[in-house]
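One structure, as structure tokens, below. Some questions next.
The values are calculated or read from the model by the stated rules, or taken from the named source; none is laboratory data. The model shown is predicted, which means the values in this text are computed figures rather than measured ones. Every residue, glycine as well, gets a Cβ built from its backbone with ideal geometry; the counts of neighbours run over all protein chains shown.
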Amino acid sequence: MALIVHKYGGTSMGSPERIRNVAKRVAKWARAGHQMIVVPSAMSGETNRLLGLAKELSPEMVTPSMLRELDMIASTGEQVSVGLLSLALQAEGMEAVSYAGWQVPIRTDSSFTKARIESIDDSRVRADLAAGKVVVITGFQGVDADGNISTLGRGGSDTSAVAVAAALKAEECLIYTDVDGVYTTDPRIVAEARRLHTISFEEMLEMASLGSKVLQIRSVEFAGKYRVPLRVLSSFTPWDIDIDEEAESGTLITFEEDEKMEQAVVSGIAFNRDEAKISLLGVPDKPGIAFHILGPVAEANIDVDVIIQNVSHDGRTDFSFTVHRNDYQRTMDLLKSAVLPTTGGAELTGDPKICKVSIVGIGMRSHVGVASKMFRALAEEGINIQMISTSEIKTSVVIDEKYMELAVRTLHKAFDLEQTGS
Ligand code: ADP
Ligand code: ASP
Ligand code: MG
């Protein structure tokens with residue numbers, strides 16, 4: 001008998017029929033002798049609907065008090081889900097109880113819309129489990145020290161599930177979703193994408209941070225920090241498939257680099273269309289210029305991703321960086337007012353229609369020529385690279401958004417990913 005956490009995403013919870021299926025699957029696990037905690041998301045489309053309603057009343061959500069209300073609204077989708085799932089479990093003959101984040105409580109900081117989990121009180125949940133109940137806990141939401149409801153950012157139910165698994169020292173956290181595992185790239189973009197049987201924790205961390213939305217990045221960080229065994233699998237298999245077969249299906253995030261993984265130089269391709277590029281052309285090339293430009297951006301709490309500074313001509317240089325697309329206009333306005341007047345005639349330009357495409361693989365550590373192979377493949381398709389950024393196990397390029405799908409497909413082929421899934 002083990003303590004297991006299941007997480008079900010929005011599509012998996014998308015209708016009463018699907019919720020009934022989730023309940024049957026969970027009941028199967030409970031009847032096999034496991035203690036079960038289930039963390040569902042809001043029904044598909046619900047969080048968008050709620051955020052849309054809020055936007056109708058308040059198009060610009062910037063102040064902390066607005067963001068507080070946004071979380072109050074967005075968190076309700078998950079509250080409906082836990083109640084429905086608990087009812088469905090009871091209809092299956094299980095004893096089940098649902099909790100909102102504040103009832104557990106799952107404590108977070110007060111960064112509304114992107115709160116971080118600080119602690120989870122396990123006493124109530126443990127008592128229920130000991131009494132033989134299935135415990136259903138809201139994904140995505142928590143409560144801050146002042147009792148305000150907070151949410152963990154889009155896709156945050158993954159993080160709720162892993163954090164609950166870590167707090168209760170669960171044997172495994174199973175993330176049930178609408179694909180049957182982690183693929184070499186998003187299977188909705190590349191039909192030939194292959195499911196990976198295993199992916200290393202480090203690679204998963206890069207894939208998630210570079211835009212693969214199959215797992216929220218913070219859930220992977222949590223899994224790494226607390227060594228939570230994590231598996232991504234399908235909620236669309238028949239609920240009554242053999243439990244041992246189900247337990248081995250999908251993709252396991254592993255903490256050991258085994259030999260099999262070493263073979264693939266590139267394991268996956270991630271992409272992200274949420275970024276925008278900003279350039280300052282003809283800024284004076286002198287010590288402190290990067291700080292002069294990016295200091296005010298950092299002070300405004302805007303995250304900067306890729307940065308490049310060109311070689312200078314006649315004492316002047318071009319400086320470019322990317323920010324989240326939601327922060328694009330704010331950053332442009334900020335530079336116009338706080339930076340341009342003191343950069344001696346520099347010109348400000350921006351492009352919100354860019355995307356970032358990345359290749360990821362721990363094999364890149366021990367192989368040379370991987371980046372150049374990437375650049376050649378893109379050049380052969382006539383795709384212009386605007387920016388490049390590399391780390392030990394990834395290379396990212398910023399390109400025009402209209403070439404995104406072509407670039408992902410081209411790279412998937414160039415690195416033989418149809419054939420080499422681990
Ligand atoms: P859920 O609602 O279950 O949390 P998400 O939509 O957040 O589901 O995540 C699952 C989706 O992630 C898939 O439908 C798929 O389109 C997308 N995805 C992106 N990259 C990958 C990848 N490398 N492997 C699998 N799925 C991916
Ligand atoms: N319902 C939230 C969202 O749509 C959280 C999640 O699905 O993980 O972002
Ligand atoms: Mg998700």
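From the list A100, A131, which one is small (G, A, S), without any contact (Cβ under 8 Å) to a residue 60 or more places away in the chain and closer than 16 Å to L3 by Cα?
Just a single option satisfies the conditions, and that option is A131.
Out of the range 280-308, which residues are more than 30 Å from F415 (Cβ to Cβ) and either small (G, A, S) or in a strand (DSSP E or B) (or both)?
Across the range 280-308, the qualifying residues are L280, L281, G282, V283, P284, G288, A290, G295, A298, A300.
Another question, if that's okay. Among what's in the range 385-407 and is β-branched (V, I, T) and under 23 Å from F201 (Cβ atoms), pick the residue that is surrounded by the fewest Cβ atoms within 10 Å (Cβ to Cβ).
Per the criteria, the residue is T390.
Condition check: among the small types (G, A, S), free of Cβ contacts under 8 Å to residues at least 12 places away in the same chain and either under 28 Å from D71 (Cα atoms) or more than 16 Å from ligand 3 (Cβ to nearest atom) (or both). Does G52 satisfy that?
Spelling it out, G52 is indeed among the small types (G, A, S), free of Cβ contacts under 8 Å to residues at least 12 places away in the same chain and either under 28 Å from D71 (Cα atoms) or more than 16 Å from ligand 3 (Cβ to nearest atom) (or both).
Considering only residues that are surrounded by 16 or more Cβ atoms within 10 Å (Cβ to Cβ) and either touching a strand residue (DSSP E or B) at 6+ places or on another chain (Cβ under 6 Å) or farther than 25 Å from K213 by Cβ (or both), which ones fall in the range 356-370?
K356, V357, S358, I359, V360, I362
Yes or no, residue by residue, for (1) surrounded by fewer than 17 Cβ atoms within 10 Å (Cβ to Cβ); (2) touching a strand residue (DSSP E or B) at 6+ places or on another chain (Cβ under 8 Å); (3) modelled with pLDDT of 95 or more; (4) not in a strand (DSSP E or B):
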| position | (1), (2), (3), (4) |
| --- | --- |
| P59 | yes, no, no, yes |
| L85 | no, yes, yes, yes |
| M94 | no, yes, yes, yes |
| R107 | no, yes, yes, no |
| S119 | yes, yes, yes, no |
| L129 | no, yes, yes, yes |
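When residues of the range 141-179 are filtered for being within 16 Å of ligand 3 (Cβ to nearest atom), over 13 Å from A100 (Cα atoms) and in contact with a Pro (Cβ under 8 Å, 6 or more places away or on another chain), how many remain?
Qualifying residue count for the region: 2.
Still on this model: Taking interchain pairs and intrachain pairs at least six residues apart, which have beta carbon atoms under 6 angstrom, with the first residue in the range 142-157 and more than 22 Å from V214 (Cβ to Cβ) and the second within 12 Å of ligand 2 (Cβ to nearest atom) and assigned to a loop (DSSP other than H, G, I, E, B)?
I149/S75
Among the residues of the range 355-364, is any at pLDDT 95 or above and over 20 Å from L205 (Cα atoms)?
no
Within the range 21-38, can you find the residues that are in contact (Cβ under 8 Å) with a residue 60 or more places away in the chain, more than 24 Å from the chain's Cα centre (by Cα) and outside any helix (DSSP H, G or I)?
Result: A32, Q35, M36.
Return yes when T159 is in contact with a strand residue (DSSP E or B) (Cβ under 9 Å, 6 or more places away or on another chain), near ligand 1 (Cβ under 8 Å from one of its atoms) and not hydrophobic (A, V, I, L, M, F, W, C) and no when it is not.
So T159 fails the test.
Would a scan of the range 178-185 turn up a residue that is at pLDDT 95 or above, among the polar types (S, T, N, Q), within 19 Å of T254 (Cα to Cα) and within 16 Å of ligand 2 (Cβ to nearest atom)?
Taking every residue of the range 178-185 in turn, none turns out to be at pLDDT 95 or above, among the polar types (S, T, N, Q), within 19 Å of T254 (Cα to Cα) and within 16 Å of ligand 2 (Cβ to nearest atom).
Residues are listed down the side, and each one gets a yes or a no for (1) aliphatic (A, V, I, L, M); (2) touching a helix residue (DSSP H, G or I) at 6+ places or on another chain (Cβ under 6 Å); (3) under 23 Å from E46 (Cβ atoms); (4) within 16 Å of ligand 2 (Cβ to nearest atom):
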residue: G101; (1), (2), (3), (4): no, no, yes, yes
residue: R124; (1), (2), (3), (4): no, no, no, no
residue: A131; (1), (2), (3), (4): yes, no, no, no
residue: G147; (1), (2), (3), (4): no, no, no, no
residue: R154; (1), (2), (3), (4): no, no, yes, yes
residue: T159; (1), (2), (3), (4): no, yes, yes, yes
residue: A167; (1), (2), (3), (4): yes, no, no, no
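Looking for something surrounded by 13 or more Cβ atoms within 10 Å (Cβ to Cβ), over 18 Å from K353 (Cα atoms) and touching a residue at least 60 places away in the same chain (Cβ under 8 Å) - is there at least one such residue anywhere in the range 377-384?
no
Here is a further query. Hey, any hits in the range 8-20 for a residue that's within 16 Å of ligand 2 (Cβ to nearest atom), part of a strand (DSSP E or B) and modelled with pLDDT of 95 or more?
Among the residues of the range 8-20, at least one is within 16 Å of ligand 2 (Cβ to nearest atom), part of a strand (DSSP E or B) and modelled with pLDDT of 95 or more, which makes the answer yes.
Something else: So, in the range 309-323, exactly how many residues are surrounded by 16 or more Cβ atoms within 10 Å (Cβ to Cβ) and either of a type in the set (V, I, T) or touching a Ser or Thr at 6+ places or on another chain (Cβ under 9 Å) (or both)?
Final tally of qualifying residues: 8.
Another question, if that's okay. Just give me the residues in the range 78-97 being without any contact (Cβ under 8 Å) to a residue 60 or more places away in the chain and within 16 Å of ligand 1 (Cβ to nearest atom), in sequence order.
Within the range 78-97, V80, V82 meet the criteria.
Ok, one more. I want to confirm something. Restricting to the range 131-145 and keeping residues that are under 27 Å from the mean Cα position of the chain (by Cα) and part of a loop (DSSP other than H, G, I, E, B), which single residue is surrounded by the fewest Cβ atoms within 10 Å (Cβ to Cβ)?
Checking each candidate, the answer is A145.
Hand me the list of strands (runs of 3 or more DSSP E) wholly inside the range 336-398 holding 3 or more residues that are aliphatic (A, V, I, L, M).
Once the strands (runs of 3 or more DSSP E) in the range 336-398 are filtered for at least 3 residues that are aliphatic (A, V, I, L, M), what remains is 354-360.
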